[in-house]
Amino acid sequence: MNQNALSWLYLLGAAVGQMAWTYSLKFISVADLKTLNWTTLHRLDGGLLILAPLIGYNVFGIINSILLAMAMRTIPTTTVISLWMAGSLVVIKFVDVFWFKETWSFTELFFILLITVGILGLKFFASVS
């Protein structure tokens, strides 16, 4: 696999990492984190479930940053950032609708399709150094 194709895979991975980072952030409960103590930290109901979003926040944030930096090595920065943000938005909306059963409208679908067309246009017509 050539470096250009690998960079696009890094960019896709960064968008998925951004989605996971966003949901980790959504599920962090500061109030629950304040209740942690050493005696219940190892229990699934007392500590691990409370720590999971915080651990995910850190892990996915690091993965996201590394993959984004690797994609920027060969793809122009403006293209990477626009595709990363748009791709993250599309993936987050997809997860919201299919996993969390959020509502959607045809207007939202239309604009997400426009974003997807823009992503594909930038992917196929962006100048790559």
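Numerical summary
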quantity	calculated
In segment 75-129, the residues that are assigned to a loop (DSSP other than H, G, I, E, B) and closer than 28 Å to K26 by Cβ	W99, F100, K101, E102, T103, W104, S105
Residue list for segment 76-129, filter: among the small types (G, A, S) and in contact (Cβ under 8 Å) with a residue 60 or more places away in the chain	G87, S88
Among (1) at pLDDT below 90; (2) exposed (fewer than 12 other Cβ atoms within 10 Å of the Cβ); (3) among the small types (G, A, S), the one test that G46 misses	(2)
Selected residue (criterion: nearest to the chain's Cα centre (by Cα)) from residues of segment 81-129 that are of a type in the set (S, T, Y) and closer than 23 Å to L9 by Cβ	S88
Whichever residue in segment 49-81 is surrounded by 14 or more Cβ atoms within 10 Å (Cβ to Cβ) and of a type in the set (S, T, N, Q) and, among such residues, is modelled with the lowest pLDDT	T79
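The values are calculated or read from the model by the stated rules, or taken from the named source; none is laboratory data. Because the structure is a prediction, the values reported are computed rather than measured. Here the Cβ is made from the backbone with ideal geometry for all residues, glycine too, and neighbour counts use every protein chain on show.
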